[in-house]
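For reference, the structure is listed below as structure tokens.
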Amino acid sequence: MGSVGTALLELRTAQKSAKGVSLYSRYVNRPVGRYLAAGSHALGLSPNQVTLVSAVFSFAAVAGVALGDPSWGRGVAVWAGLAVGFAFDSADGQLARLRGGGSAAGEWLDHVVDCAKITALHSAVLIAFFRHPGHFGVTDDVWLLVPLGFQFAAVVTFFGGLLTEKLTPGPAPGSPAAAPSRLRAVALLPVDHGIFCLVFLLLGAGAGFRWAYTVLGAASALFLAAFLTKWFRELSAVQR
């Protein structure tokens, strides 16, 4: 264990590259996660324990969507749970790097929790649409396909990106890191999980939530097509 201030100083030099990261993750989620990682380090928590804290916040919010009655107050609570869970999701990796590197089991746990969170959250929206059709203006069962389509795009994007990262050779030792693109960071905002969390602030708006969720789902599908094309081309150039 150590002081929060010392941990923060060390964490400044233990950050992942900002390449391919949206503005929200770069300027909001990672900085918040840095403070949470420093505090967790001072408390003597392990990275796996921080991952489980992230899961508790995230799945409490998921349960709120699926089991509660939609309202403005519940929307704020759901957003807060998802946002805090996302920040702790950033903190576990930062804490692992602060402690000298993570473990294979820790990385596995982190990815399994992330995949479960993505799957469960869209399932919860589907349940909410089914339980409260009048509130959300779900006048036709076709609207129930929207969470399923969004879930498909989100899960395939998650898995495809993770697999691409594993199959792509790392940079040569000593090579300079590629400079992050601000334009790309802005373009990635529609598919950033932190931005997605914001839509739940509209949970009390009924049809307003449904339309905002649908727009983000459509953006996720478009980005999936672009990502798959890009990843396949990049991996096609890799010599095994």
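Quick look at the numbers
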| read-out | value |
| --- | --- |
| Filter result for Gly93 (crowded, with 21+ Cβ neighbours inside 10 Å, of a type outside the set (S, T, N, Q), within 27 Å of Phe152 (Cβ to Cβ) and at pLDDT 95 or above) | no |
| So Val65, is it open to solvent by 30 Å² or more (accessible area, probe 1.4 Å) and at pLDDT 95 or above | no |
| Test: residue in region 85-105 that is under 28 Å from Pro133 (Cα atoms), in contact (Cβ under 8 Å) with a residue 40 or more places away in the chain and among the polar types (S, T, N, Q) | no |
| Only one of Ser46, Ser17 that is surrounded by 15 or more Cβ atoms within 10 Å (Cβ to Cβ), polar (S, T, N, Q) and at pLDDT below 95 | Ser46 |
| Condition check for Val191: open to solvent by less than 60 Å² (accessible area, probe 1.4 Å) and within 17 Å of Leu23 (Cα to Cα) | yes |
| All positions within region 212-231 that are open to solvent by 60 Å² or more (accessible area, probe 1.4 Å) and over 19 Å from Arg184 (Cα atoms) | Val215 |
| Candidate set: region 68-79, residues that are over 14 Å from the mean Cα position of the chain (by Cα) and assigned to a helix (DSSP H, G or I); chosen: the one surrounded by the most Cβ atoms within 10 Å (Cβ to Cβ) | Val78 |
| Qualifying helices (runs of 4 or more DSSP H) (wholly inside region 138-240; at least 3 residues being at pLDDT 95 or above and on the phi < 0 side of the Ramachandran plot) | 145-167, 193-198, 207-236 |
| Residue that is farthest from Gly194 (Cα to Cα), among those in region 117-128 that are open to solvent by 30 Å² or more (accessible area, probe 1.4 Å) and without any contact (Cβ under 8 Å) to a residue 40 or more places away in the chain | Leu126 |
| Some residue of region 216-230 being over 18 Å from Gly160 (Cβ atoms), within 15 Å of the chain's Cα centre (by Cα) and not aromatic (Phe, Trp, Tyr) | yes |
| Among the candidates Leu36, Leu8, residue that is assigned to a helix (DSSP H, G or I), at pLDDT 90 or above, closer than 22 Å to Gly85 by Cβ and of a type in the set (A, V, I, L, M, F, W, C) | Leu36 |
| Scan of region 129-158 for residues that are more than 25 Å from the chain's Cα centre (by Cα), in contact (Cβ under 8 Å) with a residue 24 or more places away in the chain and farther than 17 Å from Ala63 by Cα, ordered by number | His135, Gly137, Val138 |
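For every residue, the table says whether it meets (1) of a type in the set (Asp, Glu); (2) crowded, with 19+ Cβ neighbours inside 10 Å.
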site	(1), (2)
Asp110	yes, yes
Phe130	no, no
His135	no, yes
Asp141	yes, no
Val146	no, yes
Phe158	no, no
Leu167	no, no
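The values are calculated or read from the model by the stated rules, or taken from the named source; none is laboratory data. In this text, all values refer to a predicted model and were calculated from it rather than measured experimentally. A quick note on method: Cβ atoms are made from the backbone with ideal geometry, for glycine too, and the neighbour counts reach across all protein chains shown. Ligands, DNA and RNA are excluded from the accessible area calculation, which covers all protein heavy atoms including side chains. Shrake-Rupley method; radii C 1.70, N 1.55, O 1.52, S 1.80 Å.
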